[in-house]
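Participant: If you scroll down you'll find the structure; I have some questions about it.
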Amino acid sequence: MRNVRALCSWAIIAAGFGCGGSNTEEAKAPTEPGTQEPAPPTAVENQTPQAAEPGTAEGTQPGQAGPQEPAPAPAPAQLSSNDLMMGSISCVLGPVMHANKGGSSESQGGSQGGSMGSRGESMGAGGPSAGSSNMPSGSAMPGPNSDRCMTTAKAANVSPAALYSGDPTATDAVRKAIDARLSAEGASSDAANGMLTLYDKGLAASKEARSAHDSLAMVGEAHEAMRNRAGSANAPKKGSTGAHGGAGAQGAGQGALGAQTADQIRAHAALTDLYQYGRSLGATESGTQAQALAWVIGANRFMDVNQVPPPAKSLVAEPLFAALLNVPAPAPAAGRAAPAWNEYLAAAARSVSATSGRTGTGQAVGGGPGAANEKANLEQVVKTTGDRLQVLGQQLPFASPLRAEVDRTMAGLNMVEATAPTTPPPAQKGSTTPKKPAPSQAPKKQPTK
């Protein structure tokens, strides 16, 4: 019995080992592909997926540069009160500042009508204005579509064409925009009132100059038409009497100048008011700007002197001579709308040479033999005007758009001086006693037969 129990115990133990061996063999056997367990995840794969950070594209890991999105367009810079003021004035002045100033009326074949309407640089064109970064430099052609007109009109919410024509509603809207900008800039009450007054007076002087320019353009067109009708073949016309022997520039110009037209060309009441306002303020910022603007307007109006018919030269020069140089126009001769040009120019040259203490060319300025030389007297006036502009330009704030305009005006004055016609001095009158012929010139007596 004991043996039987022992055998049973061994049988049970053998059966247990047999089952364990079977399990071990099965573990060592290769598993089928379908039952293979997945490989353990790597360090990167073991991380929990994170949502994309704001501003990064989907699928871009944090810290990696994603696709660049286009940057939003920068907001347009807001114009300063000074930019609004000068932008409006320059828009109205457009044709006054941009008429072709080069060339004399004598050398242009009488084509004043076309030259008076031609265009050149705009106020602030040709480069950025000194320190004025918010106002565009301006397009090369003036008019309602110029950069200055369009930018200023947009800031004031008005039509560029209305601002260019000087429409009162448009200019008043710009004035309100200037007032609002002054408040935002924290300007004092006195400073704000000073700038608004400068805007009003500068705008009035600009409209006055614009009206004179328009009248002058009509005179140039009429002058050219009458020259063409006078006969391109230089044939004398019926009724053409006088020293010139024909209906030349002098006669045509006189016929084209009526009293009302002459008054519009010579008008300078608003220019005088602007200049005197600046002088009353002295060396303040507003005072310097007012004086500089007056000289810029007066000098640009004067630059047309070489492009107009002779009878209109004194009218064109009167705003500069009377308002700024304090040389009133002499009384015109009977039957004339304006004084003689050489007479008025000589008076201005004498006045400025007395105050400046120089005679420029070394010739007698304003009198004597040099009085007949138009170029010498014109040089004296141009130099004095240029000197005054230079002084005022140096006193202007660096950010003032007027600094660039002063430089351009000075360059234009030099061109006027260079293209001025030179009038030869009259022949010196000799003694009234008849001269005896020289012995070598005496006729020989024929011998008598």
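Participant: Any idea which of 322, 333 is modelled with pLDDT of 95 or more, surrounded by fewer than 20 Cβ atoms within 10 Å (Cβ to Cβ) and more than 23 Å from the chain's Cα centre (by Cα)?
Facilitator: 322
Participant: Looking at region 375-416, which of its residues are of a type in the set (Lys, Arg) and within 30 Å of residue 84 (Cβ to Cβ)?
Facilitator: Answer for region 375-416, where residues must be of a type in the set (Lys, Arg) and within 30 Å of residue 84 (Cβ to Cβ): 388, 403, 408.
Participant: Also, I was wondering about something else. Restricting region 261-292 to residues that are closer than 15 Å to residue 311 by Cβ and of a type in the set (S, T, N, Q), which is modelled with the highest pLDDT?
Facilitator: 264
Participant: Quick one: count up the residues across region 271-283 that are surrounded by fewer than 22 Cβ atoms within 10 Å (Cβ to Cβ) and touching a residue at least 12 places away in the same chain (Cβ under 8 Å).
Facilitator: 6
Participant: In region 178-216, what count of residues is obtained for those that are surrounded by fewer than 20 Cβ atoms within 10 Å (Cβ to Cβ) and hydrophobic (A, V, I, L, M, F, W, C)?
Facilitator: 7
Participant: Which residues, taken from region 279-333, are part of a helix (DSSP H, G or I) and hydroxyl-bearing (Ser, Thr, Tyr)?
Facilitator: Once the filter is applied, which keeps residues that are part of a helix (DSSP H, G or I) and hydroxyl-bearing (Ser, Thr, Tyr), region 279-333 yields 280, 286, 288, 314.
Participant: Another one. List every residue pair whose Cβ atoms sit under 6 Å apart, with the two residues 6 or more apart in sequence or on different chains, where the first one lies in region 394-411 and is under 11 Å from residue 285 (Cβ atoms) and the second, anywhere, is modelled with pLDDT under 85.
Facilitator: Taking only residues 6 or more apart or on different chains, the pairs are 399/131; 399/132.
Participant: Continuing with this model, one more query. Would you mind finding the one in 212, 205 that is touching a Lys or Arg at 6+ places or on another chain (Cβ under 9 Å), closer than 15 Å to residue 265 by Cα and assigned to a helix (DSSP H, G or I)?
Facilitator: The unique qualifying residue is 212.
Participant: On the given criteria, is residue 350 surrounded by fewer than 24 Cβ atoms within 10 Å (Cβ to Cβ), at negative phi and assigned to a helix (DSSP H, G or I)?
Facilitator: It is true that residue 350 is surrounded by fewer than 24 Cβ atoms within 10 Å (Cβ to Cβ), at negative phi and assigned to a helix (DSSP H, G or I).
Participant: In region 354-404, which residue that is part of a loop (DSSP other than H, G, I, E, B) and hydroxyl-bearing (Ser, Thr, Tyr) is modelled with the lowest pLDDT?
Facilitator: Per the stated criteria, the residue is 361.
The values are calculated or read from the model by the stated rules, or taken from the named source; none is laboratory data. Treat the numbers as computed from the prediction; the structure is a model and nothing was measured. For neighbour counting, all protein chains shown are included, and Cβ atoms are generated from backbone atoms with ideal geometry for every residue, glycine included.
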